[in-house]
1. Can you tell me which residue within the stretch 38-97, out of those that are in contact with a strand residue (DSSP E or B) (Cβ under 9 Å, 6 or more places away or on another chain) and assigned to a helix (DSSP H, G or I), is modelled with the lowest pLDDT?
2. Go through ARG438, ARG402 for me and flag whichever is within 12 Å of LEU353 (Cα to Cα), in the same structural domain as GLN368 (by TED's automatic domain parsing) and of a type outside the set (Asp, Glu).
3. Does ILE20 fit the bill of being surrounded by fewer than 18 Cβ atoms within 10 Å (Cβ to Cβ), outside the structural domain of THR145 (by TED's automatic domain parsing) and free of Cβ contacts under 8 Å to residues at least 60 places away in the same chain?
4. Considering ASP164, ASP236, ASP197, which residue is modelled with pLDDT of 90 or more and assigned by TED's automatic domain parsing to the domain that holds LEU315?
5. Could you grab me the full set of residues in the stretch 383-407 that are acidic (Asp, Glu), surrounded by fewer than 16 Cβ atoms within 10 Å (Cβ to Cβ) and in contact (Cβ under 8 Å) with a residue 40 or more places away in the chain?
6. Taking into account only those residues within the stretch 605-618 that are in contact (Cβ under 8 Å) with a residue 40 or more places away in the chain and outside any helix (DSSP H, G or I), which is surrounded by the fewest Cβ atoms within 10 Å (Cβ to Cβ)?
7. Taking the options VAL306, VAL254, VAL276, name whichever one is at pLDDT 95 or above and farther than 22 Å from ARG341 by Cα.
8. Residues of the stretch 486-504 being among the hydroxyl-bearing types (Ser, Thr, Tyr) and buried (at least 22 other Cβ atoms within 10 Å of the Cβ), which ones?
Amino acid sequence: EPLPQKNIDTGMGLYRVAAILQDVADFYDTDTFRPLIDRVTERSGVPYKGAVSVSHRVIADHVRAVVAALSDGATFSNTGRGYVIRRLLRRAVRHGYLLGIKEPFLHELAPVVAELLGDYYPEMREQLASTRAAIRAEEARFLETLEAGIRRLEALLARLGEGDVLPGEEAFKLHDTYGFPLDLTEEIAAERGVRVDREGFERAMREQVERARAASAFSGDVFAAAAPALERVFEDHGATEFTGYERLEDEGKVLLILQGEAELDRLEAGQGGQVVLDRTPFYAEGGGQVGDSGYLEWPGGRARVVTTKKSKQGLHLHEVEVEEGALAVGAAVRAVVDPERRCTEKNHTATHLLHAALRAVLGPQVRQAGSLVAPDRRRFDFTHAAALTAEEVRKVELLVNRWVQADFPVSWTFMPLEEAKKAGAMALFGEKYADTVRIVKVEGSPDTSGLLEAEVRSMELCGGCHVRRTGEIGYFVITAEEAVSAGVRRIEALTGEAAVRYARDLLDRDAALARALGTSLEGLPQRVEKLQQELKQLRRENEKLAADLARAQLGGGGAPAVREAGGWRYVAAAFAGLDVPSLRQVADEILERYGVDLVVVGAGGALIVKVSPDAVGRGLAAGQVIRALAERAGGRGGGKPHLAQGGGFDVDKALAALDEVLAGL
């Protein structure tokens, strides 16, 4: 039969054509890749040798993808697209590690990517500062993990001799827990004459993939079991007509009742299930806004609506609990949304104003990275490399409140997606939009005097519920600003009466504190500062007394007994009445004064292990010592090679076991 489409896929993609036109061997030698590879060569000191230089190519390819995704609004995370770009970055870092680059470097390549591709993707240049900061933070975090993986591998190899085999399960744990690459594990193991069980590694990897696949299938479409019934209702009646933008009450007809996987004709009093109506004022969870709650009423019956969700067909599923009577398919009901929805509307419009204010104060690189809009609270996640200063928080909060006080109208309209984008409406990264979208716009710019020089506008693509005028929000207060992940910050805030109550509670608390300290609200900061200075002085005196007490317990200022075990010179002593900071100070003093390899001191169940830099260089690790002591004397502890601490020890028993531990290292 003749082919329906008579054409040939030649595989002549952009970069292959570029390689031909530039007369180079492959696209890694084109002018959009080679500058990156040259920078990697310069940074690592390892020359590029074409196709055999896999690490150079991986780094160049992956850093382009990471910069593109971050510039477009993606963020590093442990799920979804954020996990994909995290894996890309970590693979690039690992290949840098293989080239001998042991410190963050990928962020240095971000400007090169922006220079190469910025003419076509201007957001790469606009978002460069935040992109570099996010990559830098993620690199540093992963390199710490990589170092921990190396320490774990060294501990495993210490138990094996030349010719032994490192189990594949252990190699996979290094890969899965620390992101440690198999080739690096094999390289380090080979230096010790140890082979890695690659088959065991691949078997463990396959098992992990199967577990992930099973989990993914389980956590898929929550309405999958009821898909045939939902499809039938959609084909017969279309998507649910949502009337909640205009009203909180409406009449509807029951089209479908579900209970788990079962389709029912009716729900009796005391039963729960999911109900689909032909029309509803209940907003279905989406876009960060929680689903509406309320109740359904009909002659002789009533059902509580706990929440509302939406199927992929666009059907609103009301999660109900029947309180009175029986609810049957075909029944006409009155659907009433809880009045608290008005609080949700305040919080949702305030979220839009917050987003615009953040971009105005911090810069256009700020993008929404997640949100929660509920009646009693709201949180907003956004891309930004650093914590907000007190002044930035003040400006953002004041800007939103000026919007509120201006009482601007809030309007919404529907238009084609591309037309909306050209009009300047803010679209959120990762959101899937239909061809026709809803635009929510605040009709006006707040007074920016004393804050900003330019006007600020708010216009976003949004399907959520909003106030009619900004004045309905009442009052807006930021209650918290914190980090969520690398390059992502979170602001929590309150609106309306909840914000007023929060402010009043703070004022009442400050007033009570001022009274307790014998001062006024205005004098509270100075009073607290004075108390802090007095506390510091008392702590210094306490530290001196603790040091004197420790010396007295060591023997009235005489030299402590220096012992030796396993080739290590050490001092060990138990004290009474010393806290952990004092123990650390005593350990530092003994180590410096007597030049031993190791100091172990304890009091009241706490244990401190301190190792000299010279001894660390010769392979002695404080963390290893304290873990070995914990096995013999109870307690738990850990730390770094030069310092470790723990609690719950039988101190006398731990000190008595020290010779045995050191001899066995």
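1. GLY82
2. Matching residue, one of ARG438, ARG402: ARG402.
3. Here the answer is no, as ILE20 does not meet what is asked.
4. ASP236
5. Within the stretch 383-407, ASP407 is the sole residue that qualifies.
6. GLY605
7. Values: VAL306 fails: farther than 22 Å from ARG341 by Cα; VAL276 fails: farther than 22 Å from ARG341 by Cα.
Only one candidate qualifies: VAL254.
8. The answer is THR495, and nothing else.
The values are calculated or read from the model by the stated rules, or taken from the named source; none is laboratory data. Keep in mind the model is a prediction, meaning the values are calculated, not measured. Positions of Cβ are backbone-derived with ideal geometry, glycine not excepted, and every protein chain shown enters the neighbour counts.
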